Amino acid sequence: MALFASAPIPRALTRRSALLGAVSLLASPAFQPAVAATPQLPDIWPHASQVPGGVARLSLGPATARPVAHAADVPLLVLGDVAAWTALVGIPLAAVPGEAHITVQAEGQGQRQIAYTISPKRYSEQRLKVSPKTVDLSPQDQARYERERDHQAIVMATFSEPWPQALRMRVPVPGRRSSSFGLRRVFNGQGRNPHSGMDIAAATGTPVAAPLSGRVIDIGDYFFNGNTVWLDHGGGLLTLYCHLSATDVKTGDVLKTGDRLGAVGATGRVTGPHLHWGVMLNRTMVDPALFLAA
Ligand code: ZN
């Protein structure tokens, strides 16, 4: 299907040749520039944002079969059709601004690199003084956290087919959405990992719905995240739901967009009920707001 055919961002050269084409068309007396020739792109892509925590959309050009693309050793989501393929690259919050690249292998073509530029983005910082007990884990809690971290790393490495047909998502729960993705947190002067998801305020028990069709790949009760559900949408696109008061699905369930997966709660290390929603691309947490239609 040509669902993705018109969406990729042209590379500079392609854009220049397109402009040259337009100029020669304009010179032709038969050409009537009645309407702006802006193609109506299907509303399926995440917003591109080449910053730490953002998503790059890189045009791979035509190829007879879906190219295989990697960032370092991590496989990338590649969508499109024989006329135009696009790689979607999640950029880590810890990425250093500047030049980055992906490697691409297409059928009948040699391996090549595609470079792109990561622009700096300054996320805000939150300094908190909290009880040392909440910062320093007991040896038991530390051991539990490390076990869970290792398990989560396996979940996060999921890369499956079928490839997603669309990437735009619905909000999983109605409520006030904080813009705290990327917030740098400093507890008692100690830097912590930046906030890697979107917090949505909602009362305990509010249903949480799948924002996109996907398969349940993990359910657990984790030290920091509380009751948690991971969905796999294919091609390394995963979503994460934390602090749930209830989970209504089991591993292996296939959900359609809008299907209930659980309910908002305050489980794990939280101060009040809310949904922590994470979106992961190529094992990288990216800003969920980029995937929302509005
Ligand atoms: Zn959160």
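From the list G214, G258, G262, which residue is of a type outside the set (D, E), more than 25 Å from L137 (Cα to Cα), within 16 Å of the ligand (Cβ to nearest atom) and out of contact with any Pro (no Cβ under 7 Å at 6 or more places or on another chain)?
None of the other options fit; the residue is G262.
Tell me, which residue of the range 265-294 that is at pLDDT below 95 and away from the ligand (no atom under 14 Å from the Cβ) is most open to solvent (accessible area, probe 1.4 Å)?
A294
Kindly indicate whether any position in the range 192-208 is more than 13 Å from the ligand (Cβ to nearest atom), in contact with a helix residue (DSSP H, G or I) (Cβ under 6 Å, 6 or more places away or on another chain), touching a residue at least 60 places away in the same chain (Cβ under 8 Å) and over 15 Å from T247 (Cβ atoms).
Scanning the range 192-208 turns up no residue that is more than 13 Å from the ligand (Cβ to nearest atom), in contact with a helix residue (DSSP H, G or I) (Cβ under 6 Å, 6 or more places away or on another chain), touching a residue at least 60 places away in the same chain (Cβ under 8 Å) and over 15 Å from T247 (Cβ atoms).
Does the range 122-147 hold any residues that are among the aromatic types (F, W, Y) and open to solvent by 50 Å² or more (accessible area, probe 1.4 Å), and which are they?
Within the range 122-147, the first condition is being among the aromatic types (F, W, Y), and the residues that meet it are 123, 145.
If the condition is that a residue be among the aromatic types (F, W, Y) and open to solvent by 50 Å² or more (accessible area, probe 1.4 Å), then Y145 is the only one that fits.
Name the residues in the range 148-160 that are closer than 15 Å to D221 by Cα and surrounded by 12 or more Cβ atoms within 10 Å (Cβ to Cβ), would you?
The answer is E148, R149, H151, Q152, V155.
From the list P172, P194, which one is modelled with pLDDT under 95 and buried (at least 17 other Cβ atoms within 10 Å of the Cβ)? Even if it seems obvious, please write down each step before you answer.
On the way: P172 fails: modelled with pLDDT under 95.
Step by step, each of P172, P194 is checked, and only P194 is modelled with pLDDT under 95 and buried (at least 17 other Cβ atoms within 10 Å of the Cβ).
In the range 69-90, which residues are small (G, A, S), crowded, with 17+ Cβ neighbours inside 10 Å and either within 16 Å of A115 (Cα to Cα) or in the same structural domain as W163 (by TED's automatic domain parsing) (or both)?
Within the range 69-90, A69, A71, A87, G90 qualify.
For the range 225-235, what are the residues that are out of contact with any helix residue (DSSP H, G or I) (no Cβ under 7 Å at 6 or more places or on another chain) and either within 22 Å of N193 (Cα to Cα) or at pLDDT below 95 (or both)?
N225, G226, N227, T228, V229
Do the conditions hold for G258, that is, is it at positive phi and not β-branched (V, I, T)? Explain how you work it out, then say what you get.
On the way: at positive phi: yes; not β-branched (V, I, T): yes.
For G258, the condition - at positive phi and not β-branched (V, I, T) - is met.
The values are calculated or read from the model by the stated rules, or taken from the named source; none is laboratory data. In this text, all values refer to a predicted model and were calculated from it rather than measured experimentally. Glycine gets a Cβ as well: all are built from the backbone with ideal geometry, and neighbour counts include every protein chain shown. Protein only, heavy atoms only, side chains kept; ligands, DNA and RNA dropped before computing areas. Shrake-Rupley method; radii C 1.70, N 1.55, O 1.52, S 1.80 Å.
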